[in-house]
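Since the structure comes first, as structure tokens, the remarks are kept for the end.
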Amino acid sequence: MKSHPQLKVIPARYPGRTIGALVALFILAGVIQSVALNPRWEWRVFARWFFDPAIIHGLGQTLLLTLLGTVFSLILGGVLALARLSSSWLLSSIAWGYIWLFRSLPLIVVLIILYNFSYLYDTLSLGIPFTPLSWGNFQTINVLGQFSSAVIGLTLVQAAYSAEIIRGGLLGVDNGQYEAAAALGLSASRRTLRIILPQALRAIIPTAFNEVIGLAKGTAMVYVLAMPELFYTIQMIYNRNQEVIPLLMVGAVWYLIITTVLSILQYRVERLLARSVDRQRPPSRWRLWRSPVTPIATSEETGHVRGH
């Protein structure tokens, strides 16, 4: 069998990209030098406070708020998304009204109203509206404290955005999947959980993680409740010692770490979902960068292929 020599592949050159990369590196080096060597950033103060027990406690409160807000908002958002897609005009209208209201209100307004809820209502009762029937009364001031107000406020606002994300993911599934699931005789709940939702997750996950990252940073808004989360703790410290910039950098670095971990988790989850669909692990960026260029066949081979 006659062997054909392989053509030598010469990679394309992009001088514009090279110049742009050099300019970007030059600017980055200048920024790093100005930040690292400027004594006014007070990096010794930064190092002294970075692992301080008060800061770590505030960080724990921020992570707990993020976790609870994410879980509860996804549950409530899923219910709202299903209600928006319901054939019942009443359920759809109530869900639309909820989403419209809490997407319109700033988070800080919701938090302040919840924290002052005991001023509006002395007690909370569980019963049938417009009737004297009641199964229990609770003092509002005992129910809505700092932590509970923060969790409820974050959940109420975040659920409105989560509902639209989940609804968009469900609508992105082809109608044929709904018809095929119905033809199998599956119940509505099994169709949603076993057929539709796994396919919708690939569209839901990226945007949902963006919202989780936004929620992690949005927990800083609960400082209005005087709750000792990360940002409020840092505020209290620099109000005493007036070391504002290094302490703000402590908070900034911790928020960077949180968002970085969430971004890595998002990347892993997306690769896992892609593997479940493609039945093989997608190549990482490092493997794509190091992968060799496939040799191109000679003109004789390509002509032979074209002839057939």
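Brief remarks on what is shown
- Calculated log₁₀ intensity ratio I(q)/I(0) where the Debye formula runs over C-alpha points of the range 135-251, q = 0.13, 0.16, 0.18 Å⁻¹: -0.74, -0.87, -0.95
- What a 1.4 Å probe finds exposed on the range 1-129 is 71% carbon and sulfur by accessible area, rounded to a whole percent.
- Accessible-area order (highest first, 1.4 angstrom probe) of the listed residues Ser87, Ser73, Ser148, Ser189: Ser87, Ser189, Ser148, Ser73
- Computed on the range 156-210, the Cα convex hull volume stands at 70 Å³ per residue.
- Structure-based [θ]222 nm, the chain - -39500 (n - 2.57) summed over DSSP H runs of at least 4, per residue, nearest 500: -23000 deg cm²/dmol
- Rounded accessible area per residue of the chain, 1.4 Å, Å²: 67
- Binned Cα-Cα distance frequencies in the range 183-225 - 5 Å width, integer %: 5, 19, 15, 13, 12, 10, 10, 8, 5, 2, 1
- For the options Gln139, Gln33, Gln61, a Gaussian network treatment of the chain with springs between C-alpha atoms closer than 10 Å singles out Gln33 as fluctuating the most.
- Prolate/oblate/rounded call for the range 195-284, Cα gyration tensor, a/c under 1.5 rounded: prolate
The values are calculated or read from the model by the stated rules, or taken from the named source; none is laboratory data. Note that the structure is predicted; figures quoted are calculated from it, not measured. Quick note on the areas: whole protein, heavy atoms, side chains included, nothing else; ligands and nucleic acids left out. Shrake-Rupley method; radii C 1.70, N 1.55, O 1.52, S 1.80 Å.
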